[in-house]
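K.L.:
Dropping a structure here in structure tokens format, bear with me for questions.
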Amino acid sequence: LTSPSAAREYFALHVATLPYEVFLVAYLDTQHRVIVVEEAFRGTLTATSVYPREIVRQALAYNAAAIVACHQHPSGSAAISRADEVLTTALKSALALVDVRFIDHLVFAAGKFVSFAEAGLL
């Protein structure tokens, strides 16, 4: 997953038709090859709770060098919310403490993706 477009294509297969919000994490090795993709958290139609501690714990368990996160908005709007920004900042800070790079956070809705990296927010 070396680019936002590659990540978009990969994650689109996982979230395109889900009727609930889900937060996926791709744990990557040093060459940004996928070790595993996990559904880290599952929510409701409008929200999901994400705990940075659990993502850090899994990154260490997989000996990941980096992660890419993705979640979808079943509402149909791919706009980045304030809650998305706060979560991304918290995740980036938590992962940095254990030397794991947070490469991108993608938001998917109605066939469209927004990339935090491309938007300059990561």
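K.L.:
Given the conditions (1) surrounded by 14 or more Cβ atoms within 10 Å (Cβ to Cβ); (2) assigned to a helix (DSSP H, G or I); (3) of a type outside the set (A, V, I, L, M), which single one is not true for ARG53?
P.N.:
(1)
K.L.:
Turning to a different aspect of this structure: Condition first: of a type in the set (Asp, Glu) and touching a strand residue (DSSP E or B) at 6+ places or on another chain (Cβ under 6 Å). Now tell me which residues in the range 85-122 satisfy that.
P.N.:
Of all residues in the range 85-122, those of a type in the set (Asp, Glu) come to 85, 99, 104, 118.
ASP104, the sole residue that qualifies.
K.L.:
When you go through (1) part of a helix (DSSP H, G or I); (2) touching a residue at least 24 places away in the same chain (Cβ under 8 Å); (3) farther than 17 Å from LEU122 by Cβ one by one for SER77, which number turns out not to apply?
P.N.:
For SER77, the exception is condition (1).
K.L.:
Here are the criteria: (1) in contact with a Cys (Cβ under 6 Å, 6 or more places away or on another chain); (2) surrounded by fewer than 16 Cβ atoms within 10 Å (Cβ to Cβ). Tell me which single one LEU106 does not satisfy.
P.N.:
LEU106 satisfies all of (1) in contact with a Cys (Cβ under 6 Å, 6 or more places away or on another chain); (2) surrounded by fewer than 16 Cβ atoms within 10 Å (Cβ to Cβ) except (2).
K.L.:
For the range 90-103: of the residues being open to solvent by less than 90 Å² (accessible area, probe 1.4 Å) and in contact with a Leu (Cβ under 9 Å, 6 or more places away or on another chain), which is farthest from ARG53 (Cα to Cα)?
P.N.:
Here is the first cut: in the range 90-103, the residues open to solvent by less than 90 Å² (accessible area, probe 1.4 Å) are 90-91, 93-96, 98, 100, 102-103.
Among the residues that remain, those that are also in contact with a Leu (Cβ under 9 Å, 6 or more places away or on another chain) are: 98, 100, 102-103.
Values: VAL98: 11, VAL100: 13, PHE102: 14, ILE103: 17 Å.
So the residue we want is ILE103.
K.L.:
Among the residues of the range 42-79, which ones are within 14 Å of LEU106 (Cα to Cα) and at pLDDT 85 or above?
P.N.:
Scanning the range 42-79 gives ILE67, VAL68, ALA69, CYS70, HIS71.
K.L.:
May I pose another question? Among residues belonging to the range 21-41 that are in contact with a Ser or Thr (Cβ under 6 Å, 6 or more places away or on another chain) and within 10 Å of GLN72 (Cβ to Cβ), point out the one that is modelled with the lowest pLDDT.
P.N.:
GLU21
The values are calculated or read from the model by the stated rules, or taken from the named source; none is laboratory data. It should be emphasised that the depicted structure is a prediction, and the values quoted were computed from it without experimental measurement. Cβ: placed from backbone, ideal geometry, glycine included. Neighbour counts: every protein chain shown. To get the accessible areas, we keep the full protein, side chains included, count just its heavy atoms, and leave off ligands, DNA and RNA. Shrake-Rupley method; radii C 1.70, N 1.55, O 1.52, S 1.80 Å.
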